[in-house]
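Shown next, in structure tokens, is the structure this report addresses.
The values are calculated or read from the model by the stated rules, or taken from the named source; none is laboratory data. Fair warning: this is a prediction, and the values are worked out from it, not measured in the lab. Note that we place each Cβ from the backbone using ideal geometry, even for glycine, and neighbour counts take in every protein chain shown.
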Amino acid sequence: MNAKTSTRLGLAIAAALGAAPATAHNPGWYGGFSLGQSSATIDDDRILNNISGVRSSSITDDDRDTGYKVFFGRQLNSYFALEAGVFDLGKFGFSATTVPLGTLNGSMKVKGLNLDLVGNFHLMEKLSAFGRIGVTYAETKDSFSGTGVVRVLNSNPSKKDTNYKAGLGLEYAFTNAWSMRVEAERYRINDAIGNKGDIDLASVGLVYRFGAYPPAPPPRVAAAEPTRIESPPPPVAAPVTPAPVAPPPPRPVRVSFSADALFDFDKATLKPAGKQALDKFVSDMRSADTGTITITGHTDRIGSPPYNQKLSVRRAEAVRDYLASKGIPAGKMSAGGAGESNPVTKPGDCKGDRKNPSLVACLQPDRRVDVEVSGTK
């Protein structure tokens with residue numbers, strides 16, 4: 001019994017594993033089952049030649065059966081997977097009639113384990129091709145019987161051997177988890193009586209990929225009802241925060257000193273009592289934040305206007321000089337006189353001769369020195 005060996009199939013698969021683009025399988029575990037028709041080529045000439053002393057008048061071959069395999073694999077990446085399984089290729093046989101009269105019957109069963117490297121190739125969105133090449137550890141069990149002149153020396157030989165296998169196929173994905181395979185494989189086997197051959201298996205199978213669940217359907221979006229569009233309300237002006245109002249500048253402070261308290265009548269020299277009054281003023285100014293100081297002297301109407309003007313200036317300058325001597329910066333102070341031009345008394349209030357003591361006393365409010373301080377805090 002012998003099947004023809006095809007080395008071209010193995011070479012084509014090896015080239016395809018390195019040349020074709022990979023399908024979009026995600027890494028993970030999978031398993032499956034395949035069932036199909038197996039076929040072997042029975043070498044009739046070799047069988048007849050091994051029947052010594054007789055010749056065959058006819059021979060009938062039973063070279064097809066049902067084969068199956070169960071496999072479990074690991075998808076390593078988008079390109080390659082490693083797959084292991086068990087297979088049963090079925091039973092094959094022959095029946096030969098000899099002359100002189102006799103018969104020779106033989107059969108062979110093949111089953112074993114396999115380990116394959118599988119390459120995936122993307123063709124369409126759900127369709128992919130794949131190729132495999134691997135090794136098998138198979139057991140072949142033969143059975144022979146003869147009648148008439150045919151005698152069988154070993155009726156049940158068996159053989160366990162390691163060989164190679166190869167295959168090509170297509171896979172169609174129904175879902176992310178379930179897919180169907182159609183493939184053709186060639187198994188190299190030892191027939192247990194000293195010969196090696198090939199058995200082909202054409203099968204259809206199902207594959208389940210663990211963890212490859214279908215994506216959740218997109219959420220349904222209800223049709224939006226028509227919305228009535230109204231004119232937007234007029235914009236409301238944002239409240240305007242008023243700018244902070246600067247506090248008004250400090251009002252000037254005016255202190256009026258009686259000239260009679262500061263000076264003797266018709267004099268511009270400070271008296272001791274007048275200095276004491278100015279000392280108190282200086283003490284108050286030191287505790288305050290002051291700006292400029294304006295000193296203005298005033299006289300009554302007794303005497304000529306030019307004389308009174310000069311007297312008012314000299315009295316104002318005397319006050320300025322004394323304040324400067326007490327520590328008030330001279331640069332902040334100015335001194336001037338107004339003479340008799342700005343009296344406190346009203347015309348007609350004081351009457352009498354210029355040398356009359358009662359007139360001098362009545363005009364006392366007009367004789368003064370005004371000190372105006374601006375910017376006091």
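Filtered by the rule that a residue be surrounded by 14 or more Cβ atoms within 10 Å (Cβ to Cβ), part of a loop (DSSP other than H, G, I, E, B) and not small (Gly, Ala, Ser), the range 334-377 gives Glu340, Pro343, Val344, Thr345, Cys350, Leu363, Arg367, Thr376.
One line per residue, one yes/no per condition, for (1) modelled with pLDDT under 90; (2) under 60 Å from the mean Cα position of the chain (by Cα); (3) hydroxyl-bearing (Ser, Thr, Tyr):
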residue	(1), (2), (3)
Ile295	no, no, no
Thr299	no, no, yes
Pro305	no, no, no
Gly327	yes, no, no
Ala330	yes, no, no
Pro357	yes, no, no
Leu363	yes, no, no
Val369	no, no, no
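Outside any strand (DSSP E or B) and farther than 14 Å from Arg186 by Cα: is that true of Met124 in this structure? Answer is yes for this residue.
Residue-by-condition table, conditions (1) at pLDDT 95 or above; (2) under 60 Å from the mean Cα position of the chain (by Cα); (3) assigned to a loop (DSSP other than H, G, I, E, B):
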site: Ile42; (1), (2), (3): no, no, yes
site: Arg46; (1), (2), (3): no, no, no
site: Gly53; (1), (2), (3): no, no, yes
site: Thr60; (1), (2), (3): no, no, no
site: Thr66; (1), (2), (3): yes, yes, no
site: Val70; (1), (2), (3): yes, yes, no
site: Gly73; (1), (2), (3): yes, yes, no
site: Ser78; (1), (2), (3): no, yes, yes
site: Gly85; (1), (2), (3): yes, yes, no
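Summed over the range 113-140, the residues that are crowded, with 16+ Cβ neighbours inside 10 Å and either without any contact (Cβ under 8 Å) to a residue 40 or more places away in the chain or within 18 Å of Asp198 (Cβ to Cβ) (or both) give a count of 10. Checked across the range 293-316, the condition of being in a loop (DSSP other than H, G, I, E, B), among the charged types (D, E, K, R) and more than 14 Å from Leu262 (Cβ to Cβ) holds for at least one residue. Checking each residue in the range 157-172 for being farther than 22 Å from Glu183 by Cβ and either in contact with a Leu (Cβ under 9 Å, 6 or more places away or on another chain) or not in a strand (DSSP E or B) (or both) picks out only Pro157.
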